[in-house]
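*Asks:* Okay, here's the structure, questions in a sec.
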Amino acid sequence: MEFNTEFILGCSAIGAGLAVIAGIGPGIGQGIAAGHAAAAVGRNPGAKSSITTTMLLGQAVAETTGLYGLLIAMLLLFVKPLGK
Amino acid sequence: MQIRPVLSAADEIDFMIHGLFQYNFFGHEVWITTSHVCILIVMLIIIGFAIAANRAMKKATEVPSGFQNVVELMVEKLDGMVDGPMGSNAPKFYNYIGTIFIFILVSNISGLLGLRPPTADYGVTFPLAILTFAVIHYNQFKHQKLKEIWVGMCSPLPPWLPIWFVINLIGEIAVPISLSLRLFANILSGTVMLALVYGLLGWFATIWPAALHVYFDLFSGAIQTYVFCMLSMTYINNAIGSDN
């Protein structure tokens, strides 16, 4: 079956939107990490700098799954692998 | 059939890599792209700084002053960063980690100079991750016996039942891919976001995008540089194992 370009582009846009839903997971994860870091600073204010470093490192690693979703969305929108 | 953009300004959005000129390399079509030019500029910045630092350190004094202070501080901070996760293995990796740290950092913040950051090209981040992968496995084979590696690769199951080997192998191969994709996607997302702001808002994007530059180029770039180096060091340290 043949589809025209507009149809494929529209479906790609829907797919890109769905792929970006992957951002929910890292959002929750980073929020949990920041909350626990805040609790840790409250318990031990002297270790603030090392807690912040650890939190940022963990958050940046947790962000990866969300970025995979973003990458898929960008591939669908800008590289257009389906429309060729 | 040509699809018309919804917004009239959407033509001006530009964050892609452009080919500058093309040549044939033993029958293959090879392009010199904007990434190459940006890498060249980044390299010139680093080399210029290195020559200046070398000149300053040649006439170094006991009590540092001026530029010598800056250079010594940078070297101390980089070495201290490697000391943290690597402990007694650190001195052998000061050079490697320091080099990739400076290169990735200058690449990431080169968006401030109006360049397209070279690390927003997968062809730049993947070789960096491959380098780390090579260092990891070189050190693994250097410091661990073959039998230890085999036991580690079959890890949750006993070594005579290598069912888990395939899954651990995929886990090993995923290391450079996830390292490079993390850096690439972070910097690319910043580049795309700023290109959208500048392309779609036109004259309205005059002064306030500076705040976005601070977040996407400086903050995100520095964090991702740190993460790349930290993870490299952790993986290398794991590969060296409980040798000492």
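Readers should treat all values here as calculations from the given coordinates under stated rules, not as data from a laboratory. All values derive from a computational prediction rather than experimental measurement. Note: ideal-geometry Cβ built from the backbone for every residue, glycine included; neighbour counts use all protein chains shown.
*Asks:* Report yes if B:T132 is assigned to a helix (DSSP H, G or I), touching a residue at least 12 places away in the same chain (Cβ under 8 Å) and over 21 Å from B:N237 (Cβ atoms), otherwise no.
*Replies:* Against the criterion (assigned to a helix (DSSP H, G or I), touching a residue at least 12 places away in the same chain (Cβ under 8 Å) and over 21 Å from B:N237 (Cβ atoms)), B:T132 does not qualify.
*Asks:* Anything in the stretch B:56-72 that is touching a helix residue (DSSP H, G or I) at 6+ places or on another chain (Cβ under 9 Å) and on the phi < 0 side of the Ramachandran plot? List them, or say none.
*Replies:* B:A56, B:M57, B:K59, B:A60, B:T61, B:P64, B:F67, B:Q68, B:V70, B:V71, B:E72
*Asks:* Any chance the stretch B:143-151 includes a residue that's touching a residue at least 24 places away in the same chain (Cβ under 8 Å) and either closer than 30 Å to B:Y198 by Cβ or surrounded by fewer than 18 Cβ atoms within 10 Å (Cβ to Cβ) (or both)?
*Replies:* Taking every residue of the stretch B:143-151 in turn, at least one turns out to be touching a residue at least 24 places away in the same chain (Cβ under 8 Å) and either closer than 30 Å to B:Y198 by Cβ or surrounded by fewer than 18 Cβ atoms within 10 Å (Cβ to Cβ) (or both).
*Asks:* Then there is this: Within the stretch B:185-219, restricting attention to residues that are under 19 Å from the mean Cα position of the chain (by Cα) and free of Cβ contacts under 8 Å to residues at least 60 places away in the same chain, which residue is surrounded by the most Cβ atoms within 10 Å (Cβ to Cβ)?
*Replies:* Result: B:N186.
*Asks:* Could you list all residues from the stretch A:25-63 that are within 12 Å of another protein chain (Cβ to nearest Cβ), without any contact (Cβ under 8 Å) to a residue 12 or more places away in the chain and either of a type in the set (V, I, T) or more than 29 Å from B:G84 (Cβ to Cβ) (or both)?
*Replies:* Passing the criteria: A:T53, A:V61.
*Asks:* Which one of these does A:A37 not meet: (1) surrounded by fewer than 14 Cβ atoms within 10 Å (Cβ to Cβ); (2) over 19 Å from B:T191 (Cβ atoms)?
*Replies:* Of the numbered conditions (1) surrounded by fewer than 14 Cβ atoms within 10 Å (Cβ to Cβ); (2) over 19 Å from B:T191 (Cβ atoms), the odd one out for A:A37 is (1).
*Asks:* Could you tell me whether the stretch A:69-76 includes any residue that is over 19 Å from B:F228 (Cα atoms), in a helix (DSSP H, G or I) and without any contact (Cβ under 8 Å) to a residue 24 or more places away in the chain?
*Replies:* Yes.
*Asks:* For the stretch B:43-59, give me each residue that is over 16 Å from B:F103 (Cα atoms) and exposed (fewer than 12 other Cβ atoms within 10 Å of the Cβ).
*Replies:* The answer is B:N54, B:R55, B:K58, B:K59.
*Asks:* Quick one: would you say A:I21 is farther than 26 Å from B:Y235 by Cα, more than 10 Å from every other protein chain (Cβ to nearest Cβ) and either in contact (Cβ under 8 Å) with a residue 12 or more places away in the chain or surrounded by 12 or more Cβ atoms within 10 Å (Cβ to Cβ) (or both)? Reasoning before the result, please.
*Replies:* Working: farther than 26 Å from B:Y235 by Cα: yes; more than 10 Å from every other protein chain (Cβ to nearest Cβ): yes; either in contact (Cβ under 8 Å) with a residue 12 or more places away in the chain or surrounded by 12 or more Cβ atoms within 10 Å (Cβ to Cβ) (or both): yes.
So A:I21 fits the description; yes.
*Asks:* Mind telling me which of the residues A:G29, A:G58, A:G83 ends up being surrounded by 13 or more Cβ atoms within 10 Å (Cβ to Cβ) and not in a helix (DSSP H, G or I)?
*Replies:* A:G83
*Asks:* Let me ask something else about it. Against the conditions (1) away from chain B (no Cβ under 14 Å); (2) aliphatic (A, V, I, L, M); (3) part of a helix (DSSP H, G or I), where does A:A16 fall short? Just the number, please.
*Replies:* Just one mismatch for A:A16, condition (1).
*Asks:* Take the residues in the stretch B:59-113 that are under 18 Å from the mean Cα position of the chain (by Cα) and among the small types (G, A, S); name whichever of them is farthest from B:Q140 (Cα to Cα).
*Replies:* Once the filter is applied, the top-ranked residue is B:G111.
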